[in-house]
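Student: Next up is a structure, given as structure tokens.
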Amino acid sequence: MVEITLEVSLKTGVPGSPGASKTIKVSASSGSATLEAGKLVVPSPSTLRVRYANSGSGDYSLVAGGLLRMGDMEIPIPCIIAVSKPCFRIQVIIPGVDEDVEVPPGSYDILLVLNWGEASGRGVHKLSVELDVKPSSTE
């Protein structure tokens, strides 16, 4: 039996830009969900890095990967959740996760896609995702 409440929040870290949250009922061992966070306006050349934190309670296991879509850009986020099961990731540097990625000025639709597998048990899991957007340095 799978009864996991997955509470996801996404913040852009940019004043005046929207954030989003969604509660997902995980009731099958595998599945997916999408969180739309509106438009992010980047007024000048910037860098972006995805940061995330997990917490939870209960007796459950859950492994999930994510994909952040920002306009035409896609940033894979492997092993965004790994509770009570190992999650194996290819050891390569992922721009936007392990290092900053350049973002040109513009207006971007933000979408977070989560795909999970190996879900079991009961509990509540909280995933907090923040887009750390900073103006590019002028060196």
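Student: Being hydrophobic (A, V, I, L, M, F, W, C) and outside any strand (DSSP E or B) is the requirement here; does VAL97 meet it? Quick ask: steps written out before the conclusion?
Tutor: Working: hydrophobic (A, V, I, L, M, F, W, C): yes; outside any strand (DSSP E or B): yes.
It is true that VAL97 is hydrophobic (A, V, I, L, M, F, W, C) and outside any strand (DSSP E or B).
Student: Among the residues of the range 14-33, which ones are open to solvent by less than 60 Å² (accessible area, probe 1.4 Å) and either within 20 Å of GLU118 (Cβ to Cβ) or not aliphatic (A, V, I, L, M) (or both)?
Tutor: Here is the first cut: in the range 14-33, the ones open to solvent by less than 60 Å² (accessible area, probe 1.4 Å) are 14, 17-20, 24, 26, 28, 31, 33.
Result: SER17, PRO18, GLY19, ILE24, VAL26, ALA28, GLY31, ALA33.
Student: If you check every pair at least six apart or on different chains, which have Cβ atoms under 6 Å apart with a residue in the range 111-134 that is surrounded by fewer than 16 Cβ atoms within 10 Å (Cβ to Cβ) first and a residue that is polar (S, T, N, Q) and not in a strand (DSSP E or B) second?
Tutor: GLY117/SER30
The values are calculated or read from the model by the stated rules, or taken from the named source; none is laboratory data. As the structure is a computational prediction, the values presented were derived from the model and not from experiment. In this analysis, Cβ positions are derived from the backbone assuming ideal geometry, glycine residues included, and neighbour counts consider all displayed protein chains. Only protein heavy atoms, including side chains, enter the accessible area calculation; ligands, DNA and RNA are left aside. Shrake-Rupley method; radii C 1.70, N 1.55, O 1.52, S 1.80 Å.
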